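Report on one structure; see the data block that follows.
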Amino acid sequence: MRFFRRTGLAALCGLTAALLTGCPDKTAQAPVDGGVTGAAAVPDSGPEAVVFTLSYLSPDGGSALIPLALEEKPLVEPTSDLELRSTLGLKNYRVRLMDEADRAMVSGDSVSEADDGLVYRIHLPQPLKTGFSYTLVVDAQTGSSFQDSRGRDVDDLRAAFQIIGDKEKPKPPPPPAKGGKKRK
């Protein structure tokens, strides 16, 4: 009988110890915020590097993306409105639209800047000419480099594209006026 008491007492102590300590690896965690468990609640550090997107306002009124990572120039419909977006804010930068002769185009620009991104809008007085190539350039305003909002250097962007259609021929100069000075 003594044997059963000792064995029963040992079993009771073992069960009590097991119940009191529990199994910590398999306990359910209470949600921290919005159903996310504490182990998975890692703050979002945002994008690692700046990513640019370029779009244009198409003649039908919609917006269309211009691919930036192509070896060939993408074909774009004639437009007078371009929009450049970045995933991080930028410091010491400039944005220019260049024509085939590498001259800056005259445009009315507006910009919305924030640490979480940039929206740069270019409005041209006339639509871009069919058949011609253009390049959107983002580079340093001063010095040799520009930075994102986290202080990291950003590579220059040169996004070339071509307007759909045949090249417009330049208008011939007006004929000379008749009836000017006469020679004797």
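Derivation of every value follows stated rules applied to the coordinates shown; laboratory data play no part. Everything numeric in this text was worked out from a predicted model, so none of it was measured.
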Please state, to two decimals, what the Cα-based radius of gyration of segment 52-163 comes to when divided by 2.2 N^0.38 Å (N = residues). 1.04
From the cross-link list Lys73/Lys169; Lys129/Lys178; Lys73/Lys167, the entries with a Cα-Cα span beyond 23 Å are Lys129/Lys178
Averaging sequence separations of C-alpha pairs under 8 Å and six or more residues apart, then dividing by the length of segment 52-163, give the relative contact order as a whole percent. 29
Reachable aspartates and glutamates, given that their alpha-carbon falls under 12 Å from the alpha-carbon of Lys91 and they are not under 8 places away in the same chain: Glu113, Asp115, Asp139, Asp148, Asp153
